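The values are calculated or read from the model by the stated rules, or taken from the named source; none is laboratory data. These numbers come from a predicted model, not from an experiment. We place every Cβ from the backbone using ideal geometry, glycine too, and count neighbours over all the protein chains shown.
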Amino acid sequence: MPPKVFTYKTPDGKEFTSKAEYRDYMMANFFSFKEKKNEPNPLMKVPGDIDGQVFDIADCENSTLVVMDKTEQVQIDNCKNCRIFIGACSSSIFARNCENCVFYTVCRQLRLREVTQSTFYIYSQAEVHIEFSNTLKFAPFNGGYPMQGTHMQQLSLPLDHNLWYDIFDHNDQAKTRVNWSLLPVEEYEQPWFPMGVCEPAIKLTAVGSVQRDDGQVGQSFGVDQMIADSKKNTPPALPPASIPSPIAKKVNEVVQPSFFNSVPLEPPNSILGVALECKKDTFANKIDLTIGAYRTDAGVPHVLDCVREAEIIIQQQQLDHEYLSQDGHPVFTQVSQLLMFGEESSAIKNGRVYTIQSISGTGSLRLATEFIAAHMPSAMCYIPSVSWQNHATILQACRVKQSTYRYLDSSGCALDFDGLIEDISQAVEGSVILLHNCAHNPTGVDPTDEQWKKILEVCQSRKLFPFFDNAYQGFVTGDPATDAYAVRLFSEAGMEMLVACSFAKNFGLYGERVGALHIVVARTELIATVSSQLRALARSLYSTCPSYGARIVALILSDPVRNAAWVSQCKAMADRINESRNKLFAALVQYKVKGTWSHVTAQRGMFSYTGIPAWAVQRLKDEYHCYMLSNGRISLAGLNSSNIEPFAQALATILGTQE
Ligand SMILES: Cc1ncc(COP(=O)(O)O)c(C=O)c1O
């Protein structure tokens, strides 16, 4: 038998039988930017384009070159007047013979040879080596793109700090730092987000805020440490020859062998990190705008009266603790279906909806994504370029291919509707489009009813599969039916889809983990097969769901009087949040805080993407004990009558006022 011949196919349809030729072709045509001169728009490689290969940049001038994917090694040669962004390189970036460039680099090692008049925004753990170079300036990496965190985790580049190793200048043994300096803080650029502002994976560094991280082992230095050392006019102290293991120090004895020596430390979630910082702050009047849960005007958690009442009834019923069925609580699944699709839903009437109880919103999203991975394996899932962080993480965990569609415009506070439509219009048939049904997290920016109609049209004409995340139904207008507009529009149009629902926010049942996953199919007979597969997936994930929260929701929604009470209590929460929006806007105007703030009242739901820059977020924290996410997201639920004015006043001081 003749030996089997392998063919290597390129994305543009060419076929090679020699791997070396295939690689050369790919390097020349896909994994490089060569001779790009005076390019009017940034040239971008997006997630999935490079996927861990070596990348080359050479002979470019006056151009912006962006690589937002995993790379193994990057070579940058002979570039002039360029802006270059390398998002996640697993080993070294080499820059040679470059002049007057600005680099944003995330890598393990940065090696510069014959580079002049250039600025580097560099990520921690990058060990920087300079040879025959001068007039270089260094600052911490500030910016990002939506999948950067995922890429860095895949490359084991830690996300939890943003310091860097010492800079080794091989032509300056005496360490006089004649060839490089720290970028003066007043020259820092705004953070660079090539795909639009998003939650940064690497902690943004506010001007002048970089500190030595005491919790760190190894020879990392922060800017302040380096400045302090250079002022002493002596070379920085050498690190100890060997760093004692923290474990050995603790128990003061021989380190026990372990199967877990190579387990990497998972960086803390950036949202939980700042929430924790806030929790530790003992200042009495601190302002916590990080929280993803409703708070009353007194700043405390809230249990709805209808929930309290249901708890008493359930207590009196003296129920047993048997397992729920694989589908979940039977009344709960029925009422949650009606809540989502409405009493008049033709999909329900025609028996085209199957609902399985699941573990709150996150568990529903995970179950749905497992289903996509198993039964739509080649589908690419598109998420908004700014989205709830866990969307990308769940898709990644299930190994579903992912990409993004544009979501925010250049103001960073409003919808880029044309960009969104353009991007989803280009998705191939069968792609999955993840949509936030309402109250988009983190931006609070939702499409209008008319825009939803257009999105539906594109999904229909391009044969795309909608995957709705419905975590805040009732939290926008206070009316769950109105807030179900997008899902109902799509289902009445006969679309097949998945809808992941959380009852954490609208019932205040955060810790009870009550969720529902709905699947709408084109033909009734498909229910038997898809439901069997969803049950099978759930069985391997968690077997059956907890019953307590589902009993509460079932009791409330199945009784017209309790249902009406819930709607009005949910509305009271939504009303308070909307009132906080209006009051915040009024206070920002009253104190003449610099900037335009109309987006605060235009956005919806629990969050607002305020547009407050990262450096101001840092100052709010450092000087006013006011905590929010570095991307400027605030939780309106954290605002109340006693902290809105101090918050606006603090902003007026930090951002300045307008006449
Ligand atoms: C957009 C979005 N989806 C899903 C969830 C999941 O919430 P849970 O798992 O608490 O129900 C959240 C929670 O913050 C969210 O903001």
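Scanning the stretch 438-473 for residues that are in a loop (DSSP other than H, G, I, E, B), away from the ligand (no atom under 16 Å from the Cβ) and charged (D, E, K, R) returns 462, 463.
Yes or no, residue by residue, for (1) of a type in the set (Asp, Glu); (2) at pLDDT 85 or above:
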| site | (1), (2) |
| --- | --- |
| 130 | no, yes |
| 134 | no, yes |
| 143 | no, yes |
| 160 | yes, no |
| 165 | no, no |
| 173 | no, no |
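I'd like to verify a number: residues in the stretch 88-134 that are free of Cβ contacts under 8 Å to residues at least 24 places away in the same chain, on the phi < 0 side of the Ramachandran plot and outside any strand (DSSP E or B), how many? Total satisfying the criteria: 2. Cβ-Cβ contacts under 6 Å between residues 6 or more apart (or on different chains), taken from a first residue in the stretch 280-292 that is surrounded by 10 or more Cβ atoms within 10 Å (Cβ to Cβ) to a second residue that is hydroxyl-bearing (Ser, Thr, Tyr), are listed as 288/627; 289/635; 290/627; 291/635. Here is a check on your reading of the model: is residue 68 surrounded by 14 or more Cβ atoms within 10 Å (Cβ to Cβ), under 23 Å from the mean Cα position of the chain (by Cα) and closer than 26 Å to residue 153 by Cα? Against the criterion (surrounded by 14 or more Cβ atoms within 10 Å (Cβ to Cβ), under 23 Å from the mean Cα position of the chain (by Cα) and closer than 26 Å to residue 153 by Cα), residue 68 qualifies.
Counting the residues of the stretch 523-561 that are outside any helix (DSSP H, G or I), surrounded by 18 or more Cβ atoms within 10 Å (Cβ to Cβ) and away from the ligand (no atom under 16 Å from the Cβ) gives 1. Being within 19 Å of residue 191 (Cβ to Cβ) and either aromatic (Phe, Trp, Tyr) or not in a helix (DSSP H, G or I) (or both): is that true of residue 630 here? Considered against the rule, which asks whether it is within 19 Å of residue 191 (Cβ to Cβ) and either aromatic (Phe, Trp, Tyr) or not in a helix (DSSP H, G or I) (or both), residue 630 comes out as yes. Scanning the stretch 71-87 for residues that are surrounded by 24 or more Cβ atoms within 10 Å (Cβ to Cβ) and over 20 Å from residue 119 (Cβ atoms) yields a total of 1.
Sort out which residues of the stretch 367-401 are without any contact (Cβ under 8 Å) to a residue 40 or more places away in the chain and away from the ligand (no atom under 15 Å from the Cβ), and write them in order of number. The answer is 373, 377, 398, 399, 400. Just name the residue that is nearest to residue 354 (Cα to Cα) out of those in the stretch 484-496 that are within 16 Å of the ligand (Cβ to nearest atom) and touching a Phe, Trp or Tyr at 6+ places or on another chain (Cβ under 7 Å). My answer is 487. State whether the residues of the stretch 417-435 include one that is within 12 Å of the ligand (Cβ to nearest atom) and not charged (D, E, K, R). Looking for residues that are within 12 Å of the ligand (Cβ to nearest atom) and not charged (D, E, K, R), one finds at least one in the stretch 417-435, hence yes. Every test in (1) farther than 20 Å from residue 38 by Cα; (2) surrounded by 18 or more Cβ atoms within 10 Å (Cβ to Cβ); (3) not β-branched (Val, Ile, Thr) is passed by residue 118 save one, and that test is (1). Restricting attention to the stretch 621-634, which residues are buried (at least 20 other Cβ atoms within 10 Å of the Cβ), touching a Phe, Trp or Tyr at 6+ places or on another chain (Cβ under 8 Å) and under 16 Å from residue 281 (Cβ atoms)? Those that are buried (at least 20 other Cβ atoms within 10 Å of the Cβ), touching a Phe, Trp or Tyr at 6+ places or on another chain (Cβ under 8 Å) and under 16 Å from residue 281 (Cβ atoms): 621, 626. Given the structure, is residue 369 in a helix (DSSP H, G or I), out of contact with any strand residue (DSSP E or B) (no Cβ under 6 Å at 6 or more places or on another chain) and either under 18 Å from residue 437 (Cβ atoms) or not assigned by TED's automatic domain parsing to the domain that holds residue 464 (or both)? Yes: the conditions hold for residue 369. Residue pairs whose Cβ atoms lie under 6 Å apart, separated by 6 or more positions or on different chains, with the first residue in the stretch 497-522 and near the ligand (Cβ under 8 Å from one of its atoms) and the second of a type in the set (D, E, K, R), are 500/469.
Restricting attention to the stretch 1-34 and to residues that are more than 38 Å from the chain's Cα centre (by Cα) and either assigned by TED's automatic domain parsing to the domain that holds residue 52 or aliphatic (A, V, I, L, M) (or both), the residue that is modelled with the highest pLDDT turns out to be 5.
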